[in-house]
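Undergrad: Below you will find the structure I want to go over with you.
The values are calculated or read from the model by the stated rules, or taken from the named source; none is laboratory data. Remember, predicted model here, so these are calculated numbers, not experimental data. All Cβ positions, glycine included, derive from the backbone under ideal geometry; neighbour counts span all protein chains shown.
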Amino acid sequence: MLKIVGDISLTDGYFDVGFGVGSKIGQGFDPFQHILRAAEDCWIGNFEGVASETSERTGTAALQFRVTPECLSGLKHFDLYGLANNHAMQHGSEAYQRTLEFLTSQGVRCFGSNVQKSQIFEHQGRVVSITAFSQRIDAFSDNPCYWHNPEYREIEEEYATLPQEAYKILFVHWGNEFINRPSSQQKHFAHWLVDLGFDMVVGMHPHVLQGYEVYRDNYIFYSIGNFVFDMPWEPTKYGAIVSVDFADTTVVPQVEYVRIDDEYAPHVVEKKKVPEEYRFDYLNKQLLIEDNSEEYHAEIMRCYKVYRKANHKDILKKMLAHPAIIKDTLKDYIRRRL
């Protein structure tokens, strides 16, 4: 089966440099240790970060969302990684290229770059294509090396290069962070993508789960949340695995829930152990709300405030546990105005 997950950060983040996910991996930690990965399955995720020895940034900023290739060389990586996201250019174009080269050397098939927007492969006797782009603002580059904010015409042109017989997946970095539903505009765009011919749309970036819908017999997952990430707010600890089995005549994606533990590692959890507000039964109903209003945007800001409150507590706890980081953390905290 295909096993598709959302955001994966194998790096230290903004407020855990020296003791985050990347540092733990460097000490032998395997963030995928609790996930059963059968040899016949094909795993796909979004690589949100940089694997490079170099950075265009300096000081603590040069260590955030970046890990050395050597640090990740001992992991059993996924079969495919998307490289179109708003952290990909955080350390410059050379670091992006080094990331691509390293992952390729590990046997990973990468997609979403300007030179490799799609990957085409065969799985369970079926031709499959997967295409990635990001619609998020890039704060680090005016000319990203990944496929960024394409026009409709450009999406049509890439779609035309895909084999007609392929099962076509679109893997897209989009939407607003921390809110449990997309805007109406985003839903209309998703419908256009299916109308164009994509068989399934899988979204990420909000860092929380959002609902999915079946439109013209095709599935649209608006956000499948985090898979490996250091975020303290409870909703950001839940994600999903989307499984696609081509052994069946009719392709019907299935979902499993995951929860990220305090050591940054995801575990598959039963639906009954997932709070109701994070379940797809609840989230799918939220898709029925039409949301292009001022109230929707006000709710986005309310979600940010709740997330930031949880983040503030976590930052304080980390500073007390790791006093050496207090100075740099406070400077970064003030700069980011969290």
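Undergrad: When residues of segment 221-250 are filtered for being touching a strand residue (DSSP E or B) at 6+ places or on another chain (Cβ under 6 Å) and over 30 Å from A310 (Cα atoms), how many remain?
TA: Qualifying residue count, segment 221-250: 3.
Undergrad: What do you reckon, is N180 in contact (Cβ under 8 Å) with a residue 12 or more places away in the chain and within 16 Å of L283 (Cβ to Cβ)?
TA: Answer is yes for this residue.
Undergrad: Six or more apart or on different chains, Cβ atoms under 9 Å: show the pairs whose first residue is in segment 289-313 and under 19 Å from E234 (Cβ atoms) and whose second is of a type in the set (D, E, K, R) and not in a loop (DSSP other than H, G, I, E, B).
TA: A310/E234
Undergrad: Would you please list the contacts, defined by Cβ atoms under 8 Å and residues six or more apart or on different chains, that run from a residue in segment 220-241 that is closer than 17 Å to L287 by Cα to a residue that is in a strand (DSSP E or B) and among the aromatic types (F, W, Y)?
TA: Close Cβ pairs satisfying both conditions: I220/Y212; F221/Y212; Y222/Y212; G225/Y238.
Undergrad: Considering only segment 167-187, how many residues are part of a loop (DSSP other than H, G, I, E, B) and either surrounded by 18 or more Cβ atoms within 10 Å (Cβ to Cβ) or of a type in the set (F, W, Y) (or both)?
TA: Final tally of qualifying residues: 9.
Undergrad: Here's another thing I want to ask about it. Checking the condition modelled with pLDDT of 95 or more, on the phi > 0 side of the Ramachandran plot, crowded, with 24+ Cβ neighbours inside 10 Å and not charged (D, E, K, R), which residue from G225, G239, G197 passes?
TA: Working: G239 fails: on the phi > 0 side of the Ramachandran plot; G197 fails: crowded, with 24+ Cβ neighbours inside 10 Å.
Within the list G225, G239, G197, the selection yields G225.
Undergrad: A follow-up question, please. Against the definition (touching a Gly at 6+ places or on another chain (Cβ under 7 Å) and crowded, with 24+ Cβ neighbours inside 10 Å), how does A84 come out, yes or no?
TA: yes
Undergrad: Is there a residue in segment 247-255 that is modelled with pLDDT of 95 or more and farther than 30 Å from G125 by Cβ?
TA: No, because not a single residue in segment 247-255 is modelled with pLDDT of 95 or more and farther than 30 Å from G125 by Cβ.
Undergrad: I need the full set of residues from segment 251-271 which are farther than 21 Å from Y167 by Cα and outside any strand (DSSP E or B), in order please.
TA: If the condition is that a residue be farther than 21 Å from Y167 by Cα and outside any strand (DSSP E or B), then D261, D262, E263, Y264, A265, E270, K271 are the ones that fit.
Undergrad: Residues that are within 17 Å of the chain's Cα centre (by Cα): find the strands (runs of 3 or more DSSP E) completely inside segment 195-250 holding 2 or more of those.
TA: On the way: elements: 200-204, 212-215, 218-221, 226-228, 238-244.
Here the list reads 200-204, 218-221, 226-228, 238-244.
Undergrad: To continue, here is another question. Would you check which residues across segment 107-137 are among the β-branched types (V, I, T) and assigned to a strand (DSSP E or B) and list them?
TA: First pass over segment 107-137, keeping only residues among the β-branched types (V, I, T): 108, 115, 120, 127-128, 130-131, 137.
Result: I120, V127, V128, I130, T131.
Undergrad: Let me ask something else. Of the residues D281, D291, D262, D314, which single one is over 17 Å from V5 (Cβ atoms), at pLDDT below 95 and loosely packed, with under 15 Cβ neighbours inside 10 Å?
TA: Values: D281 fails: at pLDDT below 95; D291 fails: loosely packed, with under 15 Cβ neighbours inside 10 Å; D314 fails: loosely packed, with under 15 Cβ neighbours inside 10 Å.
Exactly one residue qualifies, and that residue is D262.
Undergrad: Contact list please: Cβ distance under 9 Å, first residue in segment 21-35 and without any contact (Cβ under 8 Å) to a residue 24 or more places away in the chain, second residue crowded, with 20+ Cβ neighbours inside 10 Å and of a type in the set (D, E, K, R), pairs at least six apart or on different chains.
TA: If the second residue must be crowded, with 20+ Cβ neighbours inside 10 Å and of a type in the set (D, E, K, R), the pairs left are S23/D12; S23/D16.
Undergrad: Related question: When you scan segment 116-139, how many residues do you find that are under 15 Å from N85 (Cα atoms) and surrounded by fewer than 20 Cβ atoms within 10 Å (Cβ to Cβ)?
TA: 6
Condition check ((1) at pLDDT 95 or above; (2) buried (at least 24 other Cβ atoms within 10 Å of the Cβ); (3) in contact with a strand residue (DSSP E or B) (Cβ under 8 Å, 6 or more places away or on another chain); (4) in a loop (DSSP other than H, G, I, E, B)) across all residues:
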site	(1), (2), (3), (4)
D7	yes, yes, yes, no
D16	no, no, no, yes
G22	yes, yes, yes, no
D30	yes, no, no, yes
E40	yes, no, no, yes
A61	no, no, no, no
H77	yes, no, no, yes
Q90	yes, yes, yes, yes
Q97	yes, no, no, no
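Undergrad: Consider only pairs whose beta carbons are under 7 Å apart and that are at least six residues apart or on different chains; among these, list those whose first residue lies in segment 158-171 and is touching a residue at least 24 places away in the same chain (Cβ under 8 Å) and whose second residue is buried (at least 19 other Cβ atoms within 10 Å of the Cβ) and of a type in the set (D, E, K, R).
TA: If the second residue must be buried (at least 19 other Cβ atoms within 10 Å of the Cβ) and of a type in the set (D, E, K, R), the pairs left are E158/K117; L162/K168.
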